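Structure, as structure tokens:
The values are calculated or read from the model by the stated rules, or taken from the named source; none is laboratory data. Computed from a predicted model, the values in this text were never measured in an experiment. Every residue, glycine as well, gets a Cβ built from its backbone with ideal geometry; the counts of neighbours run over all protein chains shown.
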Amino acid sequence: MTNFWHHIQTPNFSLAPMEDVTDTAFREVILQTAETGKLHLLFSEFTSVEGLCHEIGHDKVKHRLHINESEKGLLKEKNVKLIAQIWGKDPEKYYKAAQFIANETDFDGIDINMGCPVKNVVKNGCCSALITQPELAKEIILATKEATNLPLSVKTRIGFKQIVTESWISHLLQLPIDALTIHGRIQKQMSEGVADWNEIAKAVKLRDELAPQIKIIGNGDVESYQEGLDKCETYGVDGVMIGRGIFKNPWFFHPGMKDVSVDDKLNLLKEHTRLFEATWGRSKNFAILRRFFKIYTHGFREASTLRNDLMTTANADDVYHAVDDFIHQRKQNKIV
């Protein structure tokens with residue numbers, strides 16, 4: 001197997017792994033909107049190694065690694081790699097989870113979450129808490145690397161309670177990883193304040209000295225494709241990862257789409273709804289889908305009215321009816 005990190009385009013763009021967001025349905029929506037050559041990496045939702053290794057819990061978390069056949073087709077067509085992101089604190093469970101991903105799924109790589117700042121995760125010693133446990137982080141990386149030949153990356157932050165870029169990133173750069181995504185905030189900040197890209201640039205310099213083969217991806221407050229390109233040039237990163245920016249523009253990875261029509265937005269909303277229902281049926285709470293509606297219902301007259309109606313929907317048919325009624329009213333009232 002060739003390691004895609006060795007020949008990935010620079011600069012490259014990726015969509016961040018996000019809880020209850022980056023399932024196969026939403027990933028397919030983003031693949032549909034992306035211009036070929038502008039999006040390079042997609043990630044699964046956070047998946048617990050504890051859950052994957054648990055006899056009963058396995059069935060409760062494996063849906064996070066589900067990939068629709070239609071998504072597989074688009075990944076191949078647009079040459080986008082799909083990476084499974086896992087989290088936990090037990091190296092042995094990482095080993096077993098990595099083997100499961102390599103042998104039982106179609107993911108192209110594995111990413112270890114050492115950056116999630118959520119308090120109930122951190123208090124158990126997982127994710128960004130590993131910044132305070134560098135030796136355990138090392139054991140986890142070595143165990144995952146030993147389990148499989150899949151490319152391996154890590155996503156982390158510049159510190160826990162305080163910035164420790166030099167010591168923490170230097171530690172990771174001496175381990176057998178292929179790429180390192182760095183969010184420019186400490187755990188304590190959560191998503192508050194401004195991401196510190198100067199610290200990410202510091203990590204790039206450390207990389208150049210210690211492990212020039214490892215790719216560095218910057219993450220934090222990138223609002224447009226052009227801003228991503230600018231950050232690559234200014235701070236020396238190999239690529240950028242987009243998180244919350246996707247909620248403002250689902251055509252983020254199609255920079256030529258400057259003026260998206262109301263019809264395009266509403267058709268994409270309906271397509272996302274169709275994919276969600278076709279994939280999950282009643283196995284997932286439909287309310288999860290409502291968090292996405294604001295993505296498609298802004299920037300046009302009466303958008304808030306439609307958004308309010310959508311927030312009361314309970315299934316796909318409700319969504320279709322709400323959208324169709326809204327379009328009918330616009331035509332009747334000759335709203336442009």
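Strands (runs of 3 or more DSSP E) fully within segment 170-245 that include at least 2 residues being closer than 28 Å to I295 by Cβ and not assigned by TED's automatic domain parsing to the domain that holds K155: none found.
Could you list, ordered by first residue, the pairs with Cβ atoms under 6 Å in which the first is in segment 145-157 and of a type in the set (V, I, T) and the second is in a strand (DSSP E or B), at least 6 apart or interchain? Listed pairs, sorted by first residue: V154/I112; V154/M114; V154/L180; T156/M114. Just to be sure, is T22 within 22 Å of S283 (Cα to Cα), among the polar types (S, T, N, Q) and in a loop (DSSP other than H, G, I, E, B)? Criteria met by T22.
Evaluate segment 256-271: report whether one residue or more is closer than 30 Å to I200 by Cβ and either in a helix (DSSP H, G or I) or among the hydrophobic types (A, V, I, L, M, F, W, C) (or both). Yes: one or more hits.
Can you work out which of the residues in segment 259-280 that are at pLDDT below 95 and not acidic (D, E) is nearest to D317 (Cα to Cα)? Among those that are at pLDDT below 95 and not acidic (D, E), it is V262. Cβ-Cβ distances below 6 Å connect the following pairs, each with a first residue in segment 256-267 that is over 20 Å from L39 (Cβ atoms), a second residue that is assigned to a helix (DSSP H, G or I), and a separation of six or more residues or different chains: L266/V323. With the condition kept exactly as written, say whether any residue in segment 197-217 is in contact (Cβ under 8 Å) with a residue 24 or more places away in the chain, among the hydrophobic types (A, V, I, L, M, F, W, C) and on the phi > 0 side of the Ramachandran plot. Looking for residues that are in contact (Cβ under 8 Å) with a residue 24 or more places away in the chain, among the hydrophobic types (A, V, I, L, M, F, W, C) and on the phi > 0 side of the Ramachandran plot, one finds none in segment 197-217, hence no. Collect the residues in segment 253-280 that are under 17 Å from E71 (Cβ atoms) and either of a type outside the set (S, T, N, Q) or touching a Lys or Arg at 6+ places or on another chain (Cβ under 7 Å) (or both), keeping them in residue-number order. Listed by number, the residues that qualify are F253, L268, E271, H272, R274, L275, F276, E277, A278, W280. No other residue among K161, K138, K202 is within 22 Å of S14 (Cα to Cα) and surrounded by fewer than 21 Cβ atoms within 10 Å (Cβ to Cβ) apart from K202.
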